[in-house]
Amino acid sequence: MKRCVALLLALLAAAGMTACSEQQPAPEEKTSVSAEETPRIEDETVPEEEAEPTPASIIGEQFADLDFGGREFRILGIEPGQQFYAFMGPDFQEIFAEGYTGEITNDAIYDRNSRAEELLNIKVVPVLEGSSANQNKRFAQAVTAGSDDFDASLSGLSSTGEPLQAGYLANLETFENLNIDSPWWDENFVDTFRLFGDRLYFLSGDYQLADDYAVCPIYFNKVIVADAGLEQPYELVREGRWTIDEMYKLEKACERDLNGDGVLDMKNDIVSHIENFDKVKHFVYAFNEKSIEIDENGEFMINTLSERHVNAVERIFEYGYEKKLIYTDQTGTSYDEAFTTGHAVSYLMNLGNINLFRDMADDFGIVPGPKYDEEQKTYGNYISNYVVTSFVCPVTATDRAFIGACIEALGAFSTETVDAALYDTLLASKLVRDEETIEMLHICMATKVYDWAVDFSWGNTYANAYNSQYDSGTFNFVSMATKNLKIQQKTMEKLIETIRAFQE
């Protein structure tokens, strides 16, 4: 939501500048009037309009009296370009920059860190490992040995389940100066992972770039849509009418049997929607459904056999498999090639892979995943849990006021630096080809969907249940979900028991 607000403010500011630049009418010629004719004006001081507080001004006022005397704030992470960072490039990382280089992301990270360092009188220091496995090993060793190797870790979300189960993660709700509900933290993330109303072990928001690149929107070929005589789907999205039914109608109207053999394929013809794997899961999240919900008591609740969830999976099977909205046969080509060469209307892919389309001849746009129906209040967008990073802290951390202040300040200063850099990068590199796409990306970023069971691969039970719909060609989700129910229940109960046993 905060990102949408930022966009709106930018648009309003631009509108204001445009208005100011327009030629003003010449003032009317003044005529003299007598003192008696001059209306009396009361001596009033018109108060200046107060500027809206920004994250930077808020945190600057909040932490004005803090001074940590040049102390190092050490963040454990992985080397640039390693593992999930490889999606974004060989030099990509989120923690540190040595100085300004002219590269947008680097300069934004340096700017953010410098502001936090100046405010708190600290020094941000990276502690880097070559892989997530080595990072997790070092984290565990530090906790078990009680060593003071680092203050916080920026870890891949999918790899944090094991240290949580082992009791290695600190409850971030106990950290003084860290406000989990600040607008620079992702409220969707917090709402999903906060347990019992007062336990949160990982945190993501404007500080992280990987969580934005992990969003999986739908890329669509604007030329194919225009050639079919159709409007681009942006207005449907704005009006809240971008549903799977509307998507189906648009996609099918664009299909073409180019070689006239009576059989559509993604090498020779124009097919509708394509994507790699986990097809059902992606649409489940677009429909704002999760396999695990958090109830009013902050506890896990299995949602897979609820009426809406079952109906959602069945609708995906109906449209995707039976009506062939989703094409899966890559014979003679690949998904990437089919989309970039104009043989598919749309393609679901994470934002980190947008470079694949840099040299695409046809213009493309981006929209969020479709709604289940128009009654659905908001859009939902799948997040690749392999790519998302989050802050975690060792349970052995002692100076939690210091750590909390550092994380909070870095998060606040990220909104106007790192978070904004994402859109600047996409526009400057011409990876995004129209302003509407930026607007759509703001919607995608504000509607991320996280899910305990799938994000932490709890036995892959639900991922398998979703995928089996395509693998078997039969709608068997209810039986699969019922079969997995006991396994899932045991996994949940074990984790709840473990977390409740934590002393903090």
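Assuming a ≥ b ≥ c are the square roots of the Cα gyration tensor eigenvalues, decide whether segment 386-459 counts as rounded (a/c under 1.5), prolate (otherwise, with a/b larger than b/c) or oblate. Oblate, because a/c is 1.5 or more while a/b does not exceed b/c. With the highest mean first, a sort of the peptides 295-308, 129-142 on other beta-carbon atoms found within 10 angstrom per residue produces 129-142, 295-308.
Available extension along the chain between ASP191 and ASP245 is 16.5 nm, counting 0.36 nm per residue and deducting the alpha carbon span. Cα gyration tensor of the chain, axes a ≥ b ≥ c as square roots of the eigenvalues: rounded (a/c below 1.5), prolate (a/b > b/c) or oblate? Verdict is oblate for the chain.
The reciprocal of the average 1/r between distinct C-alpha atoms defines the Kirkwood hydrodynamic radius, which for segment 43-180 equals 17.6 Å.
Taking a sphere under 10 Å around the Cβ of GLY70 and counting the other residues whose Cβ falls inside, with K and R at +1 and D and E at -1, yields a net charge of -1. When the chain is described by a simple charge dipole with +1 on each Lys and Arg Cβ and -1 on each Asp and Glu Cβ, the residue from THR498, SER414, LEU250 located farthest towards its positive end is THR498.
Among residues other than GLU293 with Cβ under 13 Å from its Cβ, the summed charge is -3 (Lys and Arg +1, Asp and Glu -1).
Residues in segment 336-352 carry Karplus couplings, in order, of 4, 5, 4, 6, 5, 9, x, 10, 9, 5, 8, 8, 8, 7, 5, 5, x Hz; the curve used is 6.51 cos²θ - 1.76 cosθ + 1.60 with θ = phi - 60°, and Gly or Pro positions show x. MET349 sits among other residues whose Cβ lies under 11 Å from its own Cβ, and their net charge, with Lys and Arg +1 and Asp and Glu -1, is -2. Per q in 0.19 Å⁻¹, report the Debye log10 I(q)/I(0) for segment 283-387, using one uniform scatterer on each alpha carbon and no solvent. Normalising to I(0) and taking log10 leaves -1.13. Among 397-404, 149-156, the peptide with the highest mean count of other Cβ atoms within 10 Å heads the list, and the full ranking is 149-156, 397-404. Amide H contacts of GLU129 (H built 1.01 Å from N, in plane; Pro and chain starts excluded): GLY77, ILE78, GLU79 sit under 5 Å, all sequence-distant by 5 or more or on other chains. A straight Cα-to-Cα reach below 18 Å connects LYS267 with the lysines LYS252, LYS324, residues fewer than 8 places away in its own chain not being considered.
Simple rule: put +1 on each Lys or Arg Cβ and -1 on each Asp or Glu Cβ in the chain, find the dipole, and look at TYR321, PRO370, GLY205; the Cα lying farthest toward the positive end is TYR321. Per-residue Cβ neighbour counts within 10 Å put MET492, MET266 in the sequence MET492, MET266, beginning with the fewest. Listed values for segment 118-124 are Karplus-derived 3J(HN,Hα) couplings in whole Hz (6.51 cos²θ - 1.76 cosθ + 1.60, θ = phi - 60°), namely 5, 5, 9, 6, 10, 10, 6, and x replaces Gly and Pro. Ranked by the mean number of other Cβ atoms within 10 Å of their residues, highest first, the peptides 342-350, 90-98 fall in the order 342-350, 90-98.
Per-residue 3J(HN,Hα) values for segment 392-397, derived from phi via the Karplus relation 6.51 cos²θ - 1.76 cosθ + 1.60 with θ = phi - 60°, read 9, 10, x, 5, 7, 4 Hz in sequence order (x marks Gly and Pro). Positive-end ranking of ILE438, MET360, VAL395 along the dipole of segment 358-477, with charges on Cβ about the Cα centre, is headed by VAL395.
Sequence-distant contacts, meaning Cα pairs under 8 Å at least 6 residues apart, place the relative contact order of segment 222-370 at 33 percent. When +1 charges are put on Lys and Arg Cβ atoms and -1 charges on Asp and Glu Cβ atoms, the dipole computed for segment 57-181 relative to its Cα centre reaches about 400 debye. Which entries of LYS323/LYS430; LYS222/LYS448; LYS371/LYS494 have Cα-Cα distances beyond 27 Å here? Over 27 Å apart, Cα to Cα: LYS323/LYS430; LYS371/LYS494. Which translational diffusion coefficient, to the nearest whole µm²/s, is obtained for segment 400-504 from the Stokes-Einstein equation, given a Kirkwood hydrodynamic radius over C-alpha pairs, 10 °C and 1.306 mPa s? D = 86 µm²/s.
The dipole here belongs to the chain: it is taken about the Cα centre, uses +1 on the Cβ of Lys and Arg and -1 on the Cβ of Asp and Glu, and is about 2320 debye. So what is the relative contact order of segment 141-214, in percent, for Cα pairs below 8 Å that sit 6 or more residues apart? Rounded, it is 23 percent for segment 141-214. Pairs of Cα atoms under 8 Å, at least six residues apart: use those to get the relative contact order of the chain, whole percent. Across the chain, relative contact order equals 23 percent.
Charging the Cβ of each Asp and Glu at -1 and of each Lys and Arg at +1, and nothing else, the dipole of segment 160-200 about its Cα centre rounds to 140 debye.
Here the sum of -39500 (n - 2.57) over DSSP H runs of 4 or more residues, divided by the residues of the chain, equals -12000 deg cm²/dmol at 222 nm, to the nearest 500.
Values in this text are rule-based calculations from the coordinates and carry no lab data. All of these numbers come straight from a predicted model, not from anything done at the bench. Positions of Cβ are generated from backbone atoms using ideal geometry, with glycine treated the same way; all protein chains shown enter the neighbour counts.
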